[in-house]
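What follows is a single structure, written as structure tokens, with notes after it.
The values are calculated or read from the model by the stated rules, or taken from the named source; none is laboratory data. Computed from a predicted model, the values in this text were never measured in an experiment. Backbone-built Cβ (ideal geometry, glycine too); neighbour counts: all protein chains shown. Only protein heavy atoms, including side chains, enter the accessible area calculation; ligands, DNA and RNA are left aside. Shrake-Rupley method; radii C 1.70, N 1.55, O 1.52, S 1.80 Å.
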Amino acid sequence: MDKFVIKGGRRLTGEVTISGAKNAAVAILPAVILADEPCVIENVPSISDVNISLRILKEMGAVVENIGKDTYRIDPTGIDKCCVPYETARKMRASYYFLGALLGKFNKARVSMPGGCPLGDRPIDQHLKAFSALGAEYSLSQGMIDLKADKLRGSQIFFDVVTVGATMNAMLAAVKAEGLTVIENAAKEPHIVDLANCLNSMGANIMGAGTDVIKIRGVEHLHGTTYAVIPDQIEAGTFMIAAAATRGDVLIKNVIPKHLESITKKLEKIGVSIEQYDDSIRVWVEGALVKANVKTTPHPGFPTDMQPQIATLLTLAEGTSIVTEGVWEQRFRYVDELRRMGADITVNGKVALIEGTGKLMGAPVKACDLRAGAALIIAGLAAQGITEIEDIFHIERGYDCMEGKLRELGADIEKVSIPDKAVGKNNKKEAV
């Protein structure tokens, strides 16, 4: 088991380059299944969720070649299985994108119920609603989802709630369906647009991605493509807040500033200085950090995936801040860990009241999910003393070489291995 050890109190300075977007890559990689030719996908982040996706593709019969630092050539023509292996798929939530891709290609799919971060009830009913509208039947048994259709036909799909995953899955299933599919109340996140752009580069006919109505006219075949994944909006936002929390001065490269607008505006209200360029953004702090109210909502609102990070920053600001979670009901699970470090946070349902103390103290803590882990890293960087973060496998699901990038900015952070407790007990018993 690994952990991060951080000696806090160092300003972050210098330049950092953002990797490809996790939330785009984990949908684009399954989308390759739909192609009748090999595809080359560039700017793929080196994270565990991507590694799992690539492993699933290999296990189903695809040929996957790493032809560059962040570039993969994937030949899906050898895929002869429509079942995603249970033990592999259950390790990440985004495994459900294989449902849409396999259904769209073969009119059938079998995938385990998704895993991922424990953020409360995350049902797939809207996914199944979309598949049913396209003509598929489904069944759930022993932790597996089975889909089958004689033929997929375009249809009207209306989502009861705005859902990123179901929007992307509906797109994957509909691109080869006969006729026109109209998705209403669609999610509008940047990675949805990225998936649409990738599919269109393969010959799909998708219009309206990025709005609440997406229209897809089905095509018979999709060809190969060379496509680069967009930069990761959440990784960029995390480094923006890390720079602010350490009162540093950091140039964040390989970003799309428009994707960061909601984060940028909120940070400026808190007292963070930000300067935007074509594909980079500079973040620094000169004066005091001040209180702010934050509410997470679907795009283009403030992203839920940035909520733990900005809450951590607000513990260092002057005054009382209110953070309201509008997406996941268990997003505040990290608060107990921040309290160990001296944060004054009270949670009541989906609302957190943060009394800015202006300082944090190093402590042993555990990452309970991906973004909670990022928040604890930020807290450790800003804290006095040493912070040790366990369960960092959550962090490695979505951040590409986080500790290496932070060290290049001047952080004192190391990844160290600690003996597994069970192994330790066995060794002790044998010694006796």
For residues that are hydrophobic (A, V, I, L, M, F, W, C) and open to solvent by 10 Å² or more (accessible area, probe 1.4 Å), scanning just the range 346-362, find the one that is nearest to Ile378 (Cα to Cα). Met361
Across the range 74-107, which residue is modelled with the highest pLDDT among those that are closer than 26 Å to Gly398 by Cα, assigned to a loop (DSSP other than H, G, I, E, B) and in contact with a helix residue (DSSP H, G or I) (Cβ under 7 Å, 6 or more places away or on another chain)? Val84
Being among the small types (Gly, Ala, Ser), surrounded by 23 or more Cβ atoms within 10 Å (Cβ to Cβ), part of a helix (DSSP H, G or I) and under 18 Å from the mean Cα position of the chain (by Cα), is that true of even one residue in the range 53-61? yes
Among (1) of a type in the set (A, V, I, L, M); (2) surrounded by fewer than 24 Cβ atoms within 10 Å (Cβ to Cβ); (3) out of contact with any Phe, Trp or Tyr (no Cβ under 8 Å at 6 or more places or on another chain); (4) assigned to a strand (DSSP E or B), Val365 falls short only on (2)
For a quick check of your reading of the model, give me the residue pairs whose first member lies in the range 129-145 and is β-branched (Val, Ile, Thr), whose second is open to solvent by less than 60 Å² (accessible area, probe 1.4 Å), with beta-carbon atoms closer than 6 Å and at least 6 apart or on different chains. Ile145/Val111
Testing Gln276 on (1) out of contact with any helix residue (DSSP H, G or I) (no Cβ under 7 Å at 6 or more places or on another chain); (2) surrounded by fewer than 21 Cβ atoms within 10 Å (Cβ to Cβ), one condition comes back false. Which one is that? (1)
Scan the range 211-222 and report the pairs whose first residue is over 18 Å from Arg153 (Cβ atoms) and in contact (Cβ under 8 Å) with a residue 12 or more places away in the chain and whose second residue is open to solvent by 60 Å² or more (accessible area, probe 1.4 Å) and among the aliphatic types (A, V, I, L, M), with Cβ atoms within less than 7 Å and a gap of 6+ or a chain change. none
Pairing a residue in the range 345-373 that is acidic (Asp, Glu) and at pLDDT 95 or above with any residue that is assigned to a loop (DSSP other than H, G, I, E, B) and crowded, with 21+ Cβ neighbours inside 10 Å, where Cβ atoms lie under 9 Å and the two sit 6 or more apart in sequence or on different chains, gives Glu355/Thr315; Glu355/Ala343
Total residues in the range 326-365, condition closer than 20 Å to Ala245 by Cβ and over 21 Å from the mean Cα position of the chain (by Cα): 24
Identify all residues within the range 371-393 that are part of a helix (DSSP H, G or I) and buried (at least 24 other Cβ atoms within 10 Å of the Cβ); write none if there are none. Arg371, Ala372, Gly373, Ala374, Ala375, Leu376, Ile377, Ile378, Ala379, Gly380, Leu381, Ala382
Among the residues of the range 396-413, how many are more than 15 Å from Gly237 (Cα to Cα), touching a Leu at 6+ places or on another chain (Cβ under 8 Å) and open to solvent by less than 20 Å² (accessible area, probe 1.4 Å)? 3
Restricting attention to the range 23-41, does a residue exist that is open to solvent by 10 Å² or more (accessible area, probe 1.4 Å), under 23 Å from the mean Cα position of the chain (by Cα) and of a type in the set (A, V, I, L, M)? yes
Selection within the range 264-321 - of a type in the set (Asp, Glu) and in contact with a Gly (Cβ under 7 Å, 6 or more places away or on another chain): Glu318
I want to confirm something. Restricting to the range 108-145 and keeping residues that are modelled with pLDDT of 95 or more and in contact with a Lys or Arg (Cβ under 7 Å, 6 or more places away or on another chain), which single residue is surrounded by the most Cβ atoms within 10 Å (Cβ to Cβ)? Leu134
From the list Asp278, Asp232, which residue is closer than 30 Å to Ile67 by Cβ and touching a Ser or Thr at 6+ places or on another chain (Cβ under 8 Å)? Asp232
Mind checking which residues of the range 226-262 are surrounded by 18 or more Cβ atoms within 10 Å (Cβ to Cβ) and charged (D, E, K, R)? Asp232, Glu235
Within the range 27-80, track down each residue that is more than 19 Å from Met171 (Cα to Cα) and hydroxyl-bearing (Ser, Thr, Tyr). Ser46, Ser48, Thr71, Tyr72, Thr77
Does any residue of the range 204-225 turn out to be in a helix (DSSP H, G or I), buried (at least 17 other Cβ atoms within 10 Å of the Cβ), touching a strand residue (DSSP E or B) at 6+ places or on another chain (Cβ under 9 Å) and not β-branched (Val, Ile, Thr)? no
Filter result (under 26 Å from Lys22 (Cα atoms), in contact with a strand residue (DSSP E or B) (Cβ under 7 Å, 6 or more places away or on another chain) and buried (at least 18 other Cβ atoms within 10 Å of the Cβ)) within the range 285-313: Val294, Thr296, Phe302, Pro303, Thr304, Gln307, Ile310, Ala311
